[in-house]
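J.: Here you go, one structure.
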Amino acid sequence: MSTTADPRPTVSADPGPPREIVRVSVPRRSFASELRAIKIVWKRELIRYRSDRIRIATTLVQPLLFLFVLGSGLQTLSAASTHGVNLKTFIYPGILCISVMFTAMFSAASIVWDREFGFLREMMVAPVRRSSIVIGKCLGGATVASFQGVIVLCLAGAVHVPYAPTLILGVFVLQVLLAFAITAFGVMVAARITQMQSFMGVMQMVVMPMFFISGALFPVAGLPGWLAVLNRLDPLTYAVDPMRRLVFSHLHVSAAASRVLDPGVTWWGWHVPALLEAGIIVALGLVMLSIAIWEFSASD
Amino acid sequence: MSESTTKAAPANPREAPETPPAIVVRGLEKSFGEVQAVRGVDFEVATGEVFGFLGPNGAGKTTTINMCCTLTKPSGGTATVAGHDVVRERDDVRRNIGLVFQETTLDGYLTAEQNLRLHAELYGVQSSLVPARMQQVMEMVGLWERRASPVRTFSGGMKRRLEIARGLMHSPRVLFLDEPTIGLDPQTRRSIWSYIRTLKESEEITIFMTTHYMDEAEWCDRIAIMDRGVIVALDSPEALKAQVGADRIRIETEDDQAAIASLAERFEIDATISEGAVIFRIPSGESFVPRLFQELGVPIRSVSVSRPTLDDVFMSYTGSSIRDVEESGASDRNKMMMQVMSGGGRR
């Protein structure tokens, strides 16, 4: 029970003058009604984000911490081997990705809260498709996570990444795709895991290794064999790499620096095109979304 | 209860002109593995009726209500709500029902108004009518002034009232309330009931609810008493009480066992111990009390005589008071009780 004092409901206070009853009706399911459901589930995520001041504050602070504390700290160690490129510039795409991933993960976690606090039930009994609920949820989480990405994008200048329109636009699109894929992954996991602690545990167990293996903090060429294999299997690799390529294509650095720091992902010596990398992220996102839809549709 | 049935007809032109029952349940069953939660129940609820399911926790009320509102698939039997089969036409049932669950299903971070709007959007209610409808249902439960407050600042009673308002947002034809007053203080419970009664008068709606409070069941037009997965009695509260007839006498004595023995010996009365006192039933109880003091032979500390209540009805059908059932759980099912039960089940 809540703790606040209840202004006592006055028992049948005054029915007032008899008024016309406003009668509404629920139409049969249609494409338009599904779109409306997707929209409201999406909107709810935004409303909740907006009303959660602490969450907004942490989304602002976290990337600053990663970028400036981690970046500046490591810089002192690695000045020699970065060929004059600021380490903060190098890890910028990786930091952007991890910020987006954390936010997306928290957005997906709200489905676990919704279940715990019962609200999920309200959505599940509505006369709409389960897929509409799941799609709305994924889009909402992706939108909130993308805000995070935009905040980091605004910080680009502070780490010597130029505000070139093609660069900003390219990174923006890539981080939106990543936000969507990670939210879909989180929702897929949340369909099965009903306890917050377990969910967070699973997500940490997945997100942190993904981050470390992806090359967010190191160049992906010249790795030991086992790490190279893991790196190529890590989906996050294919989000960090095209972003880094975009960033380096707009920097004025020596050819040697580019070769070392931005080698690009290769499969058996073949350079994977950036578009294909983005395609991998989209495909994974869609697969996980489908699994999430299937899981929620199958549940009672 | 039947006056409103004629008016309800134009609500949905697809329906036949003579108003069919709002709910028809035939041989409904549900098993969870080995456990048979509901063992074949049959009943009909007329349009415009307030129909109550009464019974102890674990009697199968919630399972039955969940099957009627498409949340649980029946293991056997059929249920039709607002003219639609709950399994084959699940969406059509959902469009026509409102649900208020035992646990809150509101979003505490949203305001009261946002919660209702979200519901209207999910159900596809005509946008132009949403503001007016929202004001109406919120005024009905006395929360219109609090519409802009986040729901997490609401008390338990206010949340429940808001859920009732939300359940009505899309003008459902049947409103399901699962223990709508559980965990609330008596005053709030009473006010919730006055809303439900107002609702019945103002909206053309059928209300199906469960409760395990005996006093609340009296508000219903008809009640079904449920125990261990079957309906043991079904009628209006008055008719059920009339069937019991006799008054109930409750005495506290120095020696309950001796009192029971003495009652059997001298008055040929079958008494039982319930809730720490000796209880028995006799016509015109007040005039019996003087004889009791003279002839019982066991010191009596207190006596109370009461008219039949639904608790007595429950007791006469199941052999125990509802509270005893809840306390003892399923442990002591003696044979006699089972006999009484199955005997009572045939109406």
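The values are calculated or read from the model by the stated rules, or taken from the named source; none is laboratory data. Please read all numbers here as calculations on a predicted model, not as lab measurements. For neighbour counting, all protein chains shown are included, and Cβ atoms are generated from backbone atoms with ideal geometry for every residue, glycine included.
J.: Look through the range B:120-135, keep the residues that are under 28 Å from the mean Cα position of the chain (by Cα) and facing chain A (nearest Cβ under 7 Å), and return whichever of them is surrounded by the fewest Cβ atoms within 10 Å (Cβ to Cβ).
T.: Restricting to residues being under 28 Å from the mean Cα position of the chain (by Cα) and facing chain A (nearest Cβ under 7 Å), the top hit is B:Arg133.
J.: Next up: Just for the range B:144-183: of the residues that are part of a loop (DSSP other than H, G, I, E, B) and of a type in the set (D, E, K, R), which one is nearest to the other protein chains (Cβ to nearest Cβ)?
T.: B:Arg173
Yes/no per residue for (1) at pLDDT 85 or above; (2) in a loop (DSSP other than H, G, I, E, B); (3) loosely packed, with under 13 Cβ neighbours inside 10 Å; (4) of a type in the set (Asp, Glu):
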position: A:Tyr163; (1), (2), (3), (4): yes, yes, yes, no
position: A:Gly170; (1), (2), (3), (4): yes, no, no, no
position: A:Leu174; (1), (2), (3), (4): yes, no, no, no
position: A:Leu177; (1), (2), (3), (4): yes, no, no, no
position: A:Phe180; (1), (2), (3), (4): yes, no, no, no
position: A:Thr183; (1), (2), (3), (4): yes, no, no, no
position: A:Gly186; (1), (2), (3), (4): yes, no, no, no
position: A:Gly201; (1), (2), (3), (4): yes, no, yes, no
position: A:Pro219; (1), (2), (3), (4): no, yes, no, no
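J.: Take the range B:259-273 and flag every residue that is over 14 Å from B:Phe293 (Cα atoms) and over 37 Å from the mean Cα position of the chain (by Cα).
T.: Once the filter is applied, which keeps residues that are over 14 Å from B:Phe293 (Cα atoms) and over 37 Å from the mean Cα position of the chain (by Cα), the range B:259-273 yields only B:Glu265.
J.: Quick check on the range B:206-226. Is at least one of its residues touching a Leu at 6+ places or on another chain (Cβ under 7 Å), crowded, with 23+ Cβ neighbours inside 10 Å and within 12 Å of another protein chain (Cβ to nearest Cβ)?
T.: No; the residues of the range B:206-226 include none that is touching a Leu at 6+ places or on another chain (Cβ under 7 Å), crowded, with 23+ Cβ neighbours inside 10 Å and within 12 Å of another protein chain (Cβ to nearest Cβ).
J.: Determine, yes or no, whether A:Arg115 is in contact with a strand residue (DSSP E or B) (Cβ under 9 Å, 6 or more places away or on another chain), more than 19 Å from A:Lys39 (Cβ to Cβ) and within 14 Å of chain B (Cβ to nearest Cβ).
T.: Judged against the criteria, A:Arg115 is not a match.
J.: Looking at (1) closer than 26 Å to B:Leu234 by Cα; (2) at pLDDT below 85, which is the only condition B:Gly276 fails?
T.: The single condition B:Gly276 does not satisfy is (1).
J.: Just to check your reading of the model, which residue among A:Leu46, A:Leu65, A:Leu77, A:Leu87 is more than 14 Å from chain B (Cβ to nearest Cβ), at negative phi and in contact (Cβ under 8 Å) with a residue 12 or more places away in the chain?
T.: A:Leu87
J.: Show the residue pairs that are 6+ apart or on different chains and have beta-carbon atoms under 9 Å apart, the first residue being within the range A:8-36 and facing another protein chain (nearest Cβ under 7 Å) and within 25 Å of B:Ile97 (Cβ to Cβ), the second being at pLDDT below 50 and surrounded by 14 or more Cβ atoms within 10 Å (Cβ to Cβ).
T.: Within 9 Å, the pairs are A:Arg23/B:Ala11; A:Ser25/B:Ala11.
J.: What number goes with the only condition from (1) in a helix (DSSP H, G or I); (2) over 30 Å from A:Val240 (Cβ atoms); (3) among the β-branched types (Val, Ile, Thr) that A:Val134 does not pass?
T.: Of (1) in a helix (DSSP H, G or I); (2) over 30 Å from A:Val240 (Cβ atoms); (3) among the β-branched types (Val, Ile, Thr), only one is false for A:Val134: (2).
J.: For the range B:67-82, enumerate the residues that are closer than 16 Å to B:Phe176 by Cβ, touching a residue at least 40 places away in the same chain (Cβ under 8 Å) and within 14 Å of chain A (Cβ to nearest Cβ).
T.: Correct list: B:Cys68, B:Cys69, B:Thr72, B:Pro74, B:Val81, B:Ala82.
J.: Go through (1) modelled with pLDDT under 90; (2) more than 23 Å from B:Ser202 (Cβ to Cβ); (3) not small (Gly, Ala, Ser) one by one and return the number of the condition B:Phe43 breaks.
T.: (1)
J.: Take the conditions surrounded by fewer than 13 Cβ atoms within 10 Å (Cβ to Cβ) and either at pLDDT below 85 or under 17 Å from the mean Cα position of the chain (by Cα) (or both) and apply them to A:Gly269. Does it pass?
T.: The answer is yes for A:Gly269.
J.: From the list B:Phe51, B:Phe101, B:Phe32, B:Phe43, which residue is touching a residue at least 60 places away in the same chain (Cβ under 8 Å) and either of a type in the set (Gly, Ala, Ser) or within 14 Å of chain A (Cβ to nearest Cβ) (or both)?
T.: When all the criteria are applied, what remains is B:Phe101.
J.: Now, a different point. Give me a count of the residues in the range B:104-119 that are touching a residue at least 40 places away in the same chain (Cβ under 8 Å) and not in a loop (DSSP other than H, G, I, E, B).
T.: Residues that pass the stated criteria total 5.
J.: In this structure, is B:Ala132 part of a loop (DSSP other than H, G, I, E, B), at pLDDT 90 or above and out of contact with any Leu (no Cβ under 8 Å at 6 or more places or on another chain)?
T.: No, not satisfied.
J.: Do we have B:Arg94 as of a type in the set (Lys, Arg), more than 9 Å from chain A (Cβ to nearest Cβ) and more than 16 Å from the chain's Cα centre (by Cα) here?
T.: So B:Arg94 fails the test.
J.: Those residues that are crowded, with 21+ Cβ neighbours inside 10 Å and β-branched (Val, Ile, Thr), I need them from the range B:149-163; list them, please.
T.: B:Val151 - this is the single residue of the range B:149-163 that is crowded, with 21+ Cβ neighbours inside 10 Å and β-branched (Val, Ile, Thr).
J.: Another question about this same structure. What about A:Ala109, is it in contact (Cβ under 8 Å) with a residue 24 or more places away in the chain, touching a helix residue (DSSP H, G or I) at 6+ places or on another chain (Cβ under 9 Å) and either surrounded by fewer than 23 Cβ atoms within 10 Å (Cβ to Cβ) or within 14 Å of chain B (Cβ to nearest Cβ) (or both)?
T.: yes
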